[in-house]
Amino acid sequence: MRKSRDYCWHIRVDHKGNFEQEKERAFVAHIQNEVSVLTLSHSLLIQHQNINTFSLLASMPYVAPLPPVSHSNRFSLAQFELPPLQDPRDAWELAFPSGTPYGGSYFSTSDSESRNLIDKPFDEGVVFPEGGRRAWLVVFGSWCALFSSLGLMNTMGAFQAYISTHQLKHLDVAVVGWIFSLYAFLTFGAGLFVGPLFDKYGPKWLVLSGSVLVVLSMDLIGNCVGQYPFPGFDISLPNLYFF
Amino acid sequence: MLGGIGSALLFSPSIAIIGHYFNRRRGYATGIAATGGAFGGILYPLIIQLVTPSTSFLWSTKLIALISLILCGFATVFMQPLQAPGPTASAWPSLLILRRPAFSLTVLGVFLLEFALFVPLTYITSYSRSMGFSSSVSSAVLPVLNVGSVFGRCLPGYFADIYGRYNIAILAIILTAFSVFDIWLPFGHTPPGLVIFALLFGLSSGSSISLTPVCVGQLCPVEQYGRYYSTCFSIVSIGCLTGVPLAGMILDADGGIYRGLILFVGGCYAGGLVAFTWARLMATNWRLKSKY
């Protein structure tokens with residue numbers, strides 16, 4: 001295998017089969033009769049030696065198993081079942097697994113540079129339905145979830161007005177304010193952990209457990225501050241914090 | 001706390017999953033989903049107001065719990081992921097993504113917006129009561145604000161997809177600052193002034209929930225949308241935590257006069273405007289007229 005830093009034609013193909021070309025700097029590796037090119041824009045291009053055209057195998061974050069080399073540039077990206085990758089180094093790893101003579105770290109760029117590559121937005125090759133029954137049902141599902149989470153958050157003013165004039169009359173406005181901003185704080189703050197979990201595992205368990213917690217909290221706040229508190233469940237700050 | 005964590009588990013995925021299905025029309029779809037929050041903000045206070053006098057506070061919260069149960073059921077069934085996650089995707093948060101200036105400026109902007117947003121949401125009821133409005137009018141103000149916010153969530157999203165997400169977000173912030181400085185401050189004590197403010201504020205501030213995730217989504221690839229978005233909003237949450245009590249302290253210091261509080265809200269929006277404009281210019285290489 002020969003490794004070189006070279007220029008190549010970068011060909012972008014959208015899902016309608018339209019393509020555009022531009023010249024860009026790339027890492028080029030030659031294996032047997034195939035040439036693999038890892039471009040800076042995260043695209044892995046495969047060229048068959050006998051064919052003069054590059055066909056776009058996949059653009060990051062997608063790397064496909066080798067398709068039959070096409071004689072035409074016009075093909076649809078949607079026809080591949082593509083496992084996505086996040087790091088261009090993974091694309092390299094996939095093309096040249098470590099343990100093989102070509103394996104190991106190929107990137108001559110510094111770590112920070114490759115991190116910049118990761119951060120680069122690159123949604124080309126990702127197919128968005130932009131509509132359709134399934135997509136709008138998801139919007140409806142989100143609507144429902146936001147109804148119960150953000151709707152509750154928007155109601156905090158009403159809760160606060162009620163509770164600060166009934167149960168917690170004796171406390172400062174600022175103290176009661178703290179309790180309710182804790183709710184908003186947790187909603188957004190705990191998201192720090194929820195977001196990456198969503199990216200990795202999808203929404204199913206997150207939404208399910210979230211639903212249970214929201215319903216439970218509404219069920220309990222009635223007991224915390226209602227007119228008939230449970231014995232030993234007196235109206236006090238700790239209970240509200242629990243809510 | 002239970003409710004807060006539960007909301008977190010519902011909130012981030014429901015925004016991020018729309019990014020799986022929509023790109024070109026993401027602003028619109030996110031806006032429509034976000035109207036859910038506004039409808040909740042209309043219905044729940046009404047339940048508290050109407051059900052509590054005839055039965056008890058306990059039963060109004062039970063009713064809210066029942067509604068949540070039904071809606072969460074729908075959410076669990078319908079929210080199916082589309083884009084596959086990366087095999088290298090980490091389940092742990094990382095603050096390294098903040099090193100991108102356009103992203104961190106956006107975060108700062110959203111921080112200031114939310115810092116201010118929850119102050120009117122929390123105090124508008126007490127404000128109108130202190131201005132001598134009757135109890136029923138005071139509790140109607142919040143639903144009115146949320147009616148404005150229904151339109152404020154989906155309309156900007158629709159236009160944002162056409163004219164650029166950041167452009168429309170900046171426009172909405174200008175409108176919000178206008179409604180605070182030029183309507184709430186001088187005319188808030190009159191009934192029409194209060195209602196117009198509530199509508200206009202709801203309309204213009206709704207975008208800070210529905211449009212900001214789409215703005216953030218423009219800065220990252222789709223399979224990291226959840227991470228970017230939630231990192232942004234977890235930093236913003238510090239603003240949520242401190243904004244309302246800070247406003248409460250301003251209020252206590254002024255002896256119950258709301259002028260200082262209103263100026264504080266307006267100031268935050270002005271700061272948010274600067275941060276957002278800067279982030280947009282940075283992301284577009286200082287090109288003023290581009291759709292972004």
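Can you give the FRET efficiency for A:R134 and B:T242, using 1/(1 + (r/R0)^6), R0 = 56 Å, r = Cβ-Cβ distance, to the nearest 0.05?
On the way: r = 41 Å, r/R0 = 0.72.
That gives a FRET efficiency of 0.85.
Take every Cα pair under 8 Å whose residues are at least 6 apart in sequence, average their separation, divide by the length of the range B:162-229, and the relative contact order is 33 percent. Checking every one of the trypsin sites (Lys or Arg not before Pro) in the range B:207-291 against DSSP loop status and a limit of 14 other Cβ atoms within 10 Å picks out B:R287, B:K289, B:K291. Close amide H pairs (under 5 Å, H built 1.01 Å from N) link B:N23 with A:E130, residues at least 5 positions away or on another chain.
Counting only whole DSSP H helices of chain B, the ones at least 15 Å long by C-alpha along their axis and with mean Kyte-Doolittle hydropathy no lower than 1.6 are B:57-78, B:165-178, B:191-205.
Any read-out appearing in this document is the output of simple, stated calculations on the displayed coordinates, not a laboratory observation. Keep in mind the model is a prediction, meaning the values are calculated, not measured. Note that each Cβ is placed from the backbone with ideal geometry, even for glycine, and that neighbours are counted across all protein chains shown.
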